[in-house]
Structure formats: C-alpha cells, structure tokens
Amino acid sequence: MNKDAQMRAAINQKLIEMGERERLKDLLRAKLIECGWRDQLKAHCKDVIKEKGLEHVTVEDLVAEITPKGRALVPDSVKKELLQRIRSFLSQHATL
C-alpha cells in the first residue's frame, strides 16, 4: 500500500472511530436534498429507464449510467464545505 492510500485509510479510520464520518454523511445527505441534487438525479434515473425500457435496465446498469452525472451535479459549495469540515476535524485530531 502506498503512502497516500495509507494516509487515506488512517484518516477514514479516525473519522469512523470518532463518529465524524456518519455526521459528514448526514450533512452531505441534507445538503444534497436542500440543493435539489436528489431530485435532479431521480429525474435522470427516470429518463434513463424510459430511454432503455424498464425490462432492459438492471440496477447495475442504472448505477453505472447515473454515477458520472451524479458526481458532476454535486455543487462546488457542498464539496468545499465537506472538505473544510474534514480539514477542521483533522486539525483538531492531528495525531494521525
């Protein structure tokens, strides 16, 4: 495992241990609903299903189809806020 992967694993472990990961997930969920991301992605899912036909779409196909758009639709402000929260958490718990 390279150094970056080790650092990510250590950060993730610390986030989990301290319960911060769940708080960040809850915050992200709320922010995405608030900005309409969830509704946009839901509409995109419906479009994909209409286009391909319900009988011809598996969950795996749908996930593969909507994931890139889902990531692209996350507002920069939400990404920045989460990154700031993670940085703040790490600076408070710098014993990684």
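The values are calculated or read from the model by the stated rules, or taken from the named source; none is laboratory data. Just so you know, these numbers come straight off a predicted model, no measurement behind them. FYI the Cβ positions are ideal-geometry reconstructions off the backbone, even for glycines, and counts take in every protein chain you see. These accessible areas exclude ligands, DNA and RNA; they are computed on the full protein's heavy atoms, side chains included. Shrake-Rupley method; radii C 1.70, N 1.55, O 1.52, S 1.80 Å.
Among the residues making up segment 75-96, those that are part of a helix (DSSP H, G or I), more than 16 Å from residue 29 (Cα to Cα) and without any contact (Cβ under 8 Å) to a residue 24 or more places away in the chain are 84, 87, 88, 91, 92. Just one of the listed residues (74, 48) is modelled with pLDDT of 95 or more and open to solvent by less than 50 Å² (accessible area, probe 1.4 Å), namely 74. Scanning segment 37-55 for residues that are free of Cβ contacts under 8 Å to residues at least 12 places away in the same chain and in contact with a helix residue (DSSP H, G or I) (Cβ under 9 Å, 6 or more places away or on another chain) yields 38, 39, 52. Scanning segment 51-71 for residues that are surrounded by 10 or more Cβ atoms within 10 Å (Cβ to Cβ) and hydrophobic (A, V, I, L, M, F, W, C) yields 57, 62, 63, 64, 66.
Just one of the numbered conditions (1) open to solvent by 60 Å² or more (accessible area, probe 1.4 Å); (2) in contact (Cβ under 8 Å) with a residue 24 or more places away in the chain is not true of residue 27: (1).
Within segment 61-74, being among the hydrophobic types (A, V, I, L, M, F, W, C), touching a residue at least 12 places away in the same chain (Cβ under 8 Å) and part of a helix (DSSP H, G or I) holds for 62, 66, 73.
Here residue 91 clears all of (1) modelled with pLDDT under 95; (2) open to solvent by less than 70 Å² (accessible area, probe 1.4 Å) except the condition numbered (2).
If you go through segment 10-24 one residue at a time, do you hit one that is more than 15 Å from residue 71 (Cα to Cα) and outside any helix (DSSP H, G or I)? Yes, the conditions are met somewhere in segment 10-24.
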